[in-house]
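Working notes, structure below.
What follows is calculated from the coordinates using simple rules that are stated; it is not laboratory data. The model shown is predicted, which means the values in this text are computed figures rather than measured ones. Counting neighbours? That spans all protein chains shown, and the Cβs are built from the backbone with ideal geometry, glycine included.
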């Protein structure tokens, strides 16, 4: 159990290291295949410069070649991805579904960071997340149900986008939010999916009040609400039943 847990954490932070590559390169339309290099001096990094978490600590947050500062984003993304994998492992145990769902939430995490930086997300990652959400049960009947729920939520968000944009006089939601809604519907179903959408709206309120920005990237809040609802699926289901019925 302990060795398996350690393996899950190592796997998570390693995936987090790869997420940093996606976060930096995909918005710039750069290939993800070339070896990592310093963003300042462009020198190719050695393998020991790419050890998740530890390299940042050993290098004291600076490039080994030009001494330029390394963004704190790198260890933070690695650490939080490890936490995501660990929480899902403790919730689900190890298996194929765990791996698919962990990779799904890792992609949503990358999308969230990209959205925070650019207020736009790449369709490639968003579609990959939606596809994983639909197929992750590895059961044909469940896949069809997930697909129907994805269409339901994606369609509902598309209609909502047109109505809200019309009345507020500006683009209220992006196409990426529509795909994200489909992912939520596929994972949670209609009942808890609606709760997750509502929760995401609640989560945006403090951020809007603190930042005082009119336009906030919405995918980070949708992804966080999905993760919270999935982890506390049973408890939220019981609470809603007691409130509504």
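Rounded to the nearest 0.05, what FRET efficiency do residue 211 and residue 18 give with R0 = 30 Å and r taken as the Cβ-Cβ distance? Could you check? Please list the in-between numbers first.
On the way: r = 29 Å, r/R0 = 0.97.
It comes to 0.55.
Any idea what the relative contact order of the range 1-94 is, in percent, if you count C-alpha pairs under 8 Å spaced at least 6 apart?
Reported relative contact order: 43 percent.
Averaging the Cα positions of each part gives two centres, and for the range 21-38 and the range 85-156 these lie 22 Å apart.
Exposure proxy for 78, 30: other Cβ atoms within 10 Å of each Cβ, ordered fewest to most, give 30, 78.
Length gain on complete extension for the stretch residue 3 to residue 33, per 0.36 nm per residue less the alpha carbon to alpha carbon distance? Numbers along the way, then the final one.
Working: separation 30, 0.36 × 30 = 10.80 nm, distance 3.07 nm.
Going from the current span to full extension adds 7.7 nm.
Calculate, for residue 117 and residue 62, the FRET efficiency according to 1/(1 + (r/R0)^6) with r their C-beta to C-beta distance and R0 30 Å; round to the nearest 0.05. Show your work: numbers first, answer last.
Values: r = 22 Å, r/R0 = 0.73.
With R0 = 30 Å, the Cβ-Cβ based efficiency is 0.85.
Given the options 154, 176, 61, state which has the largest fluctuation in a GNM of the chain using a 10 Å cut-off (strictly under) for Cα springs. Its mean-square fluctuation being the largest, the pick is 61. Among 229, 81, 5, 183, a tally of other beta-carbon atoms within 10 Å of each Cβ gives an order, fewest to most, of 5, 229, 81, 183. Listing 215, 97 from fewest to most neighbouring C-beta atoms within 10 Å gives 215, 97. Taking each DSSP H run with n ≥ 4 as -39500 (n - 2.57) and averaging over every residue of the chain yields -24500 deg cm²/dmol at 222 nm. Of all the options 223, 186, 142, the one that moves most in a Gaussian network model of the chain with Cα springs shorter than 10 angstrom is 142.
Both radii come from the Cα set of the range 88-193: Rg as radius of gyration, Rh as Kirkwood radius; their ratio Rg/Rh reads 1.01.
Principal-axis analysis of the Cα atoms of the chain puts helix 123-135 at an angle of about 60° to the longest axis. Within the listed set 162, 221, 153, the residue fluctuating most in the Gaussian network model of the chain (springs between alpha-carbon atoms under 10 angstrom) is 162.
Quick one: compute the contact order of the range 121-245, relative version, from alpha carbon pairs under 8 angstrom and 6+ residues apart, as a percent. Mind dumping the intermediate values first?
Working: 117 pairs, mean separation 30.3, N = 125.
Reported relative contact order: 24 percent.
Using Cα pairs closer than 8 Å and at least 6 residues apart in sequence, work out the relative contact order for the chain, in percent.
17 percent
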